[in-house]
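Where a number appears in this text, it was derived from the coordinates with a stated rule and is not lab data. Fair warning: this is a prediction, and the values are worked out from it, not measured in the lab. Glycine gets a Cβ as well: all are built from the backbone with ideal geometry, and neighbour counts include every protein chain shown.
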Amino acid sequence: MKKLQAFVLLFILTSCAKEIQKQQENLVVQAMTNGQWVVTSYLKGSTDVTADFSVYKFQFKTNFAVDAINNGTVEKTGTWNADANAQTITSVFSGATNPLVLLNGTWNIINTTWTSVQANQTVNGESRTLRLDKQ
């Protein structure tokens, strides 16, 4: 009987943990897909390349596609994914050139609110820091 109770308790705890994780992921998707985002800061090493992104807005979609919108026209569609537990977001713009190629990879989220995300990554020993703000 005690083994059955322990199994039931373990099943309930596992189910609850999975449900909490799913709800966290749903919140991330909801926050990202509600509105358009702009790059308000991008440091590539010690070089500020924020101005290279000034013509872009980004629309994240619930199917995990992301549109890079250049002056009102979709220039490139990529993919994105978020991991609430690991506190990362990954984006891929296949075949992209500068500056969009600079968004590729897995970013470690430093700080996030409903209207901003600050993240960093290291590429070939170079530190990169990104800030996105919702418009």
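Structural remarks
- FRET efficiency estimate (nearest 0.05) - Cβ-Cβ, Val49 to Asn108, R0 25 angstrom: 0.85
- Label point 7 Å beyond Cα of Glu126 along Cβ direction - residues of segment 53-88 with amide nitrogen under 17 Å: 53
- Whole-Hz ³J(HN,Hα) from phi, Karplus 6.51 cos²θ - 1.76 cosθ + 1.60, for segment 84-101, glycine and proline x: 4, 5, 7, 6, 10, 9, 10, 9, 9, 10, 4, x, 6, 10, 4, x, 4, 4
- For segment 59-135, the ratio of Cα radius of gyration to the globular rule of thumb 2.2 N^0.38 Å stands at 1.08.
- Rough spin-label spacing in nm, given labels placed 7 Å along Cα→Cβ, for Thr79 and Gln30: 2.6 nm
- The separation of segment 93-135 from segment 60-90, counted between C-alpha centres, amounts to 11 Å.
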